[in-house]
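Q: A single structure is presented below for examination.
The values are calculated or read from the model by the stated rules, or taken from the named source; none is laboratory data. Predicted model only: the values in this text are computed from it and were never measured. Cβ placement follows ideal geometry from the backbone for every residue including glycine, while neighbour counts extend to all protein chains displayed. The area values use the complete protein model at the heavy-atom level, side chains included, leaving out ligands, DNA and RNA. Shrake-Rupley method; radii C 1.70, N 1.55, O 1.52, S 1.80 Å.
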Amino acid sequence: MTHHVSPPVDQRIVDDYFKLCKSRKNNKLAWFYGMLATFGVKPDQLKQFKWNEDGTINIPSRKRPVRPMHPQWVFLFALKLSPNPFIACDFNN
């Protein structure tokens, strides 16, 4: 028997994001979670990304800008307003 794990539904992602935001110590984790959910990228791809004015991001390993799966999440999660936690954190340790 093969178990198939479905991705979380959109509302659960939003709820989980705001649960993480309730604790100040989890703000960086909330930003990280929001970016992964919004853009569907791998964690290590966010190390050197750059924002574009249209809400897309450029990742060095990709030829084209990555568009958000839910553009409203960029604003809902205030992703562009938060600093990139990779500057201050090492998520690999």
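Q: Give the range 37-72 a look and list any residue that's in a loop (DSSP other than H, G, I, E, B), aliphatic (A, V, I, L, M) and either out of contact with any Pro (no Cβ under 9 Å at 6 or more places or on another chain) or open to solvent by 50 Å² or more (accessible area, probe 1.4 Å) (or both), or say none.
A: Going residue by residue through the range 37-72, those that are in a loop (DSSP other than H, G, I, E, B) are 40-42, 47-49, 52-56, 59-65, 67-70.
Next cut, aliphatic (A, V, I, L, M) only: 41, 59, 69.
Result: Val41, Met69.
Q: Is at least one residue of the range 3-11 within 12 Å of Phe77 (Cβ to Cβ) and within 14 Å of the chain's Cα centre (by Cα)? Spell out the reasoning first.
A: Taking the range 3-11 first, the residues within 12 Å of Phe77 (Cβ to Cβ) are none.
No, the range 3-11 contains no residue that is within 12 Å of Phe77 (Cβ to Cβ) and within 14 Å of the chain's Cα centre (by Cα).
Q: For the range 1-20, give me the residue count where each residue is surrounded by 12 or more Cβ atoms within 10 Å (Cβ to Cβ) and of a type in the set (Ser, Thr, Tyr).
A: So the count comes out to 1.
Q: Exactly one of (1) part of a loop (DSSP other than H, G, I, E, B); (2) free of Cβ contacts under 8 Å to residues at least 12 places away in the same chain is unmet by Leu79. Its number?
A: (2)
Q: To continue, here is another question. Looking at the range 1-31 only, could you name the residues that are not in a helix (DSSP H, G or I) and not basic (Lys, Arg)?
A: Let us first name the residues in the range 1-31 that are not in a helix (DSSP H, G or I), namely 1-9, 22-23.
Within the range 1-31, Met1, Thr2, His3, His4, Val5, Ser6, Pro7, Pro8, Val9, Ser23 qualify.
Q: Which of the residues spanning the range 21-36 are open to solvent by 20 Å² or more (accessible area, probe 1.4 Å) and aliphatic (A, V, I, L, M)? Outline the logic, then answer.
A: So in the range 21-36, the residues open to solvent by 20 Å² or more (accessible area, probe 1.4 Å) come out as 21-29, 32-33, 36.
Of everything in the range 21-36, those that are open to solvent by 20 Å² or more (accessible area, probe 1.4 Å) and aliphatic (A, V, I, L, M) turn out to be Leu29, Leu36.
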